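**Q** One structure is given below, represented as structure tokens, and several questions about it will come after.
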Amino acid sequence: MFAKNGEMQQTDLLNRKSLSILYTDYVSVGTWWNFQDVISPFNRLYLVTDGYAAVHIRGQRMELSAGDLFLIPKFTFHSYTCEQRMTHYYICFTDEIVGGRSLFQSSALQLKQRATELDYLLMQRFFQLNPDRKLPSVDPKVYDNQKNLFKCKEDFPETNPVKELESNGILLQLFSRFITAESLSGVERTHSCEKMDTVIQYIHQHLGERIFVTDLATLACLTPDHFSKVFKRVMGLPPCEYILEKRIQRAQTLLLTSDLSISAIADKVGIPDLSQFSRLFTRLLHCSPREYRKRLLL
């Protein structure tokens, strides 16, 4: 009975899923495609058709080659590396769940899959349905987190409602390739705070500074106690634990992609006390920052 109810809840959750396209294009990138410390308020989906590149994300280096589908969830700290050339489709999009937690906050969400023949056909069709919607710049920091980012639709030609419906269906199909049973089971079907995206964006933009729960509560227009309860219900973690997890995740990426000293990285992620940083890092990852960097580089 409980399993059946769980399946019904997951089905209902997916039925409520809404994805909205921002940008799409088919491009070739070269050695200039090396952007560090990127964090976006929207999701990115890639299909690589030729060449090689890598994305540093969640403390790992993930290789990209022809036939890879790749997802970068919103508010996920990452960096790009391309040593020669890579050709790919991309789709940038936002998401919304009515009455639930965003699947994009789940760490169980798969980030890379091998593309099927159907995936290629879907991506090609999506691009045909949405011409002239490329990103305004090749540099993410030029357009990310700008006030007019989500007003881009006004600059595009009007979309045929039938084509828009087909596009939404294709995007959902492509996104479904990254969903796992674990990512669905972690989703709470409760009323979410409408301002949570603003709060999450604020957290990620200020990880190098002190972050007060009272300030986050103000952004969400809630009292601190009520905010903490809503945050945990929506995100699965209390605010302080979520912030700590994101600080350590960012430190992982910096350890992998930069030559910064460990003390400089600790300061950059908002834990300037080196001994405290090492202790927290070891508690979460079961190895010291130095051991982590050495192991990954080797």
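**Q** Checking the condition in contact with a Ser or Thr (Cβ under 7 Å, 6 or more places away or on another chain) and either of a type in the set (Ser, Thr, Tyr) or modelled with pLDDT under 90 (or both), which residue from Thr223, Thr214, Thr218, Thr257 passes? Quick ask: steps written out before the conclusion?
**A** Values: Thr223 fails: in contact with a Ser or Thr (Cβ under 7 Å, 6 or more places away or on another chain); Thr214 fails: in contact with a Ser or Thr (Cβ under 7 Å, 6 or more places away or on another chain); Thr218 fails: in contact with a Ser or Thr (Cβ under 7 Å, 6 or more places away or on another chain).
On inspection, the qualifying residue turns out to be Thr257.
**Q** Restricting region 238-294 to residues that are among the hydroxyl-bearing types (Ser, Thr, Tyr) and touching a His at 6+ places or on another chain (Cβ under 6 Å), which is nearest to Phe75 (Cα to Cα)?
**A** Once the filter is applied, the top-ranked residue is Thr253.
**Q** If a residue has to be in contact (Cβ under 8 Å) with a residue 12 or more places away in the chain and closer than 14 Å to Leu280 by Cα to count, how many in region 228-262 make the cut?
**A** Residues flagged as in contact (Cβ under 8 Å) with a residue 12 or more places away in the chain and closer than 14 Å to Leu280 by Cα within region 228-262 amount to 13.
**Q** Continuing with this model, one more query. Hey, can you tell me all the residues within region 111-129 that are out of contact with any Asp or Glu (no Cβ under 9 Å at 6 or more places or on another chain), farther than 17 Å from Val27 by Cβ and surrounded by 15 or more Cβ atoms within 10 Å (Cβ to Cβ)?
**A** Leu111, Asp119, Leu122
The values are calculated or read from the model by the stated rules, or taken from the named source; none is laboratory data. Keep in mind the model is a prediction, meaning the values are calculated, not measured. All Cβ positions, even for glycine, are placed from backbone atoms using ideal geometry, and neighbour counts span all protein chains on display.
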